[in-house]
Amino acid sequence: MSNYHIKHLEEYFQVYRKSVREPENFWEEVAEEHFLWRKKWDKVLSWDFSKPEVTWFEGAKLNITENCLDRHLATRGDKTAILFEPNNPDEPAEYITYRDLYERVNQFANVLKDKGVTKGDRVCIYVPMIPELAIALLACARIGAIHSVVFAGFSSKALSTRINDCDCKVVITADGSYRGAKTIDLKGIVDEALEDCPDVETVLVAKRIHSDINMKEGRDEWLQPLLDKASKEGKAEVMDAEDPLFILYTSGSTGKPKGMVHTTAGYMVYTAYTFKNVFQYREHDVYWCTADIGWITGHSYIVYGPLANGATTVMFEGVPSYPDFGRFWEIVQKHKVNQFYTAPTAIRALAKQGAELVEKYDLSSLKVLGSVGEPINEEAWHWYNDVVGKNKSPIVDTWWQTETGGIMITPIPFVTPTKPTFATLPFIGIQPALMDESGTELKGNQVEGRLCIKYPWPSMARTIWGNHERYRDTYFSAYENKYFTGDGALRDEVGYYRITGRVDDVIIVSGHNLGTAPIEDAINEHQAVAESAIVGFPHDVKGSALYGYVTLKDFGEARNQDNLRKEINQLISDRIGPIAKLDKIQFTEGLPKTRSGKIMRRILRKIAENNTSDLGDISTLLNPEVVQSIIDNKL
Ligand code: 7RM
């Protein structure tokens, strides 16, 4: 069906126009032809952004796991669904077929049922990147329980807050996890968290590192013996289209994390449809997304989107640097990966290691390269394109959010010509708008403003768990009748979008609006620079001035600090203009980042402002230790 699989640019424009002119007809056709429904919908879409209220496929009945599992059994029962690559390269990979996965999901679902979990209950999943993680999500979905995955790198405090916010009675975890050369005592973290979670009745523990852990009598149980006894068959719960599928927490700029609620039918249709097109997945391809399932990228593009398409999806337990920085490429070669999807922070870390580690491996299987998570800077884009992709695998720079559920602005590979640092065009069905500060939509091309979406799409979050008002205030109050993304973007002369970063990253220096991304791009061009982040700090004359944190490829080079500072400012001056020159440049050993690789400018801003008394909870950072060293060396 041509509408389902876009193959050339003319077709993209044609289908896009249809999706905007007749959105209900368009989505109805996609939903009708490519999914398994117990009952079809009564109405495709109702919406009112002022409330906000959005329903897709109302009245329909389905189970997402029947779409991800049951319906593939006849044609793909022996095809690998999940290809598990362990942390340790000497441990064999595991090939879980669609039939295996179906049976293991049923067993897990039956264990949960046995523990009293029923439709609508919330189940917290705090499991590392092992097969049980993906199976746990699907087992919840099978019986209609709402999963709330917490990234298994988060602290006990972050975990307990999330367990309590949505009132989980069951927690699924593991005895521990492998991460490169390290092992992490996950169960110890869970025990600590549960001291603050009196309502948790059951903890199911998967065995991974075979460590000697504490099991609390009456609460904690090993998972495997229960699975072994459980039936491999089981009926899927029949769900309403708008029944919640999962909650996933995302940090707000202030206050407690927001539990974004995603519902069943719209999320399924949109993640499946985007997966097929954005990665141009073909039947025998091997697809690999390096994200953790603890993030939305893993939910949508390791688990649900790929499995709904009957794809082979790689799940990697380890890290890019273990046993060395060639690991990603070794895996691409070993499994003949065709689509590879990662984050700019990983690309920069790997680029820093030089090309030899890439060239050692045969990457000829690669067809499509993806990027997600933050704006990809020019230098990283070219390295990815040239060194990894050998100039023949298009880069899909995919812009989207936890809140959007699926990819929103992206090239379609081999269809949309790519342009470095541009996410290019809206995906089918997505209607972006750029707004100025006064709330007027900026029409036409060559404009820059705040990025909104002015029409509903099937996978948008429906609410924040337990706080619909916060949902409205955060996303639907800034601009009337529009979803506000919190990002800034520009539209170039042909209508391509470039995401310029969070709008709170805009710094006004002497009345000039400066986006941080282009300045960082300029700095990163310097051959000694690995990474940089710019923030504003108060200045008597300019209002704000610019403070740059710069990580060098080789920290030893900071010996020559004054020269380096001059060269960096010269580069900025050349690329953007003297107005964008930095007042202060601090050389750092690393930049504070979230676990998903986003630079925490909020913290860097506070340090630059000399306001370090309240940095907020930094325990969920990837590298909390760099914060103190940055404070100690502040200029
Ligand atoms: C998928 C994900 C969302 C925020 C978003 C942006 C930034 C993500 C890109 C990007 C520029 C991209 N969900 N962002 N992708 N910025 N280009 N391709 O990351 O909820 O964790 O983050 O990430 O600021 O608002 S998220």
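The values are calculated or read from the model by the stated rules, or taken from the named source; none is laboratory data. Bear in mind that the values here come from a model prediction, so they are computed numbers and not experimental data. Glycine gets a Cβ as well: all are built from the backbone with ideal geometry, and neighbour counts include every protein chain shown. When the accessible area is computed, the model is the full protein with side chains, heavy atoms only, and any ligands, DNA or RNA have been set aside. Shrake-Rupley method; radii C 1.70, N 1.55, O 1.52, S 1.80 Å.
General observations
- Computed over the chain: relative contact order in percent, which uses C-alpha pairs under 8 Å that are six or more apart: 11
- For the residues Met600, Met315, a 1.4 Å probe over the protein chains yields an accessible-area ranking, largest first, of Met600, Met315.
- Per-pair calculated FRET efficiency, R0 = 60 Å: Gln570 and Glu58 via Cβ, rounded to 0.05: 0.50
- 10 °C / 1.306 mPa s Stokes-Einstein diffusion coefficient of the chain, Kirkwood radius on C-alpha pairs, µm²/s: 63
- Only alpha carbons enter this Debye calculation for region 566-607, each as an equal point scatterer, and the log10 of I(q)/I(0) it gives at q = 0.19, 0.20, 0.26, 0.27 Å⁻¹ is -0.74, -0.78, -0.91, -0.92.
- Against the compact-protein benchmark of 2.2 N^0.38 Å, the Cα-based radius of gyration of region 206-332 scales to 1.33.
- Since only Thr588, Gln561, Leu546 are under comparison, the one whose Cα sits farthest along the positive direction of the charge dipole of region 485-629, derived from C-beta charges on Lys, Arg, Asp and Glu, is Leu546.
- For trypsin sites (Lys or Arg not before Pro), the sites in region 49-131 that DSSP calls loop and that have at most 12 other Cβ atoms within 10 Å are Lys119.
- Solvent-accessible area assigned to carbon and sulfur over the chain amounts to 46 percent, based on a 1.4 Å probe.
- Global geometry of region 69-204, whether rounded, prolate or oblate, following the gyration tensor of its Cα atoms and the 1.5 cut on a/c: oblate
- Dividing the helix sum by the residues of the chain, where each DSSP H run of 4 or more adds -39500 (n - 2.57), gives a mean residue ellipticity at 222 nm of -8000 deg cm²/dmol.
- Shape class for region 1-85, computed from the alpha carbon gyration tensor (a ≥ b ≥ c): oblate, with a/c not under 1.5 and a/b at or below b/c.
- Looking at the chain alone, DSSP beta bridges between its own residues are antiparallel in about 60 percent of cases.
- Solvent-accessible area per residue in region 551-635 equals 52 Å², computed with a 1.4 angstrom probe and all protein chains kept.
- Ordering Asp228, Asp78 by accessible surface, largest first, gives Asp78, Asp228; the 1.4 Å probe counts only protein heavy atoms, with every chain in place.
- Computed from point charges on the beta carbon alone (+1 for Lys and Arg, -1 for Asp and Glu), the dipole magnitude for region 549-598 about its Cα centre is near 260 Debye.
- Here the relative contact order of region 228-381, from alpha carbon pairs under 8 Å that lie six or more residues apart, stands at 18 percent.
- For region 146-225: relative contact order, % (alpha-carbon pairs under 8 angstrom, 6 or more apart): 31
- Most positive-pole-ward Cα, Gly234, His147, Ala136, against dipole of the chain from beta carbon charges: Gly234
- Nearest-20 debye value, region 549-635 charge dipole, Cβ charges on Lys, Arg, Asp, Glu: 300
- The charge dipole of the chain, taken about the Cα centre with unit charges on the Cβ atoms of Lys, Arg (+1) and Asp, Glu (-1), comes to about 620 debye, rounded to the nearest 20.
- Per-residue HN-Hα couplings for region 473-486 [Karplus 6.51, -1.76, 1.60; θ = phi - 60°; Hz; x = Gly/Pro]: 4, 6, 10, 10, 9, 5, 10, 4, 6, 9, 8, 9, 7, x
- In order through region 535-548: 3J(HN,Hα) via Karplus (6.51 cos²θ - 1.76 cosθ + 1.60), integer Hz, x for Gly, Pro: 9, x, 9, x, 9, 3, 9, 7, x, 10, 10, 9, 10, x
- Over 23 Å between alpha carbons, listed pairs Lys115/Lys232; Lys352/Lys593; Lys352/Lys598; Lys553/Lys606; Lys367/Lys553: Lys553/Lys606; Lys367/Lys553
- Straight-line cross-link reach from Lys39 at under 12 Å between alpha-carbon atoms covers these aspartates and glutamates, not counting any fewer than eight positions away in the same chain: Glu58, Asp240.
- Rg over Rh [alpha-carbon atoms, Kirkwood Rh] for region 443-540: 1.05
- Once all protein chains are placed together, Glu221 keeps about 70 Å² accessible to a 1.4 angstrom probe.
- Counting heavy atoms of the protein chains alone, Ser629 has an accessible area of about 40 Å² for a 1.4 Å probe.
- With kT/(6 pi eta Rh) evaluated at 4 °C and eta = 1.567 mPa s, and Rh the Kirkwood radius from Cα pairs, region 368-431 diffuses with a coefficient of 109 µm²/s according to Stokes-Einstein.
- For region 336-446, the alpha-carbon coordinates run over 53, 26, 25 Å along the three principal axes, in decreasing order.
- Among Gly577, Ala308, Thr97 the positive-end extreme of the charge dipole of the chain (Cβ point charges): Ala308
- 3J(HN,Hα) from dihedral phi, region 51-58, Karplus parametrisation 6.51/-1.76/1.60, rounded to Hz, x for glycine, proline: 7, x, 9, 9, 10, 10, 6, 4
- Amide proton proximity set for Thr263, modelled H, under 5 Å, gap of 5+: Leu245, Arg462
- Cα-based shape type of region 507-635, given that a ≥ b ≥ c are square roots of the gyration tensor eigenvalues and the cut on a/c is 1.5: oblate
- Accessible area expressed per residue, region 369-482, with surrounding protein chains retained (probe 1.4 Å, Å²): 35
- When the chymotrypsin sites (Phe, Trp or Tyr not before Pro) in region 447-478 are filtered for DSSP coil states and for at most 14 other beta-carbon atoms within 10 Å of their beta-carbon, no site remains.
- In the context of the full set of protein chains, region 14-99 has a per residue accessible area of 46 Å² (1.4 Å probe).
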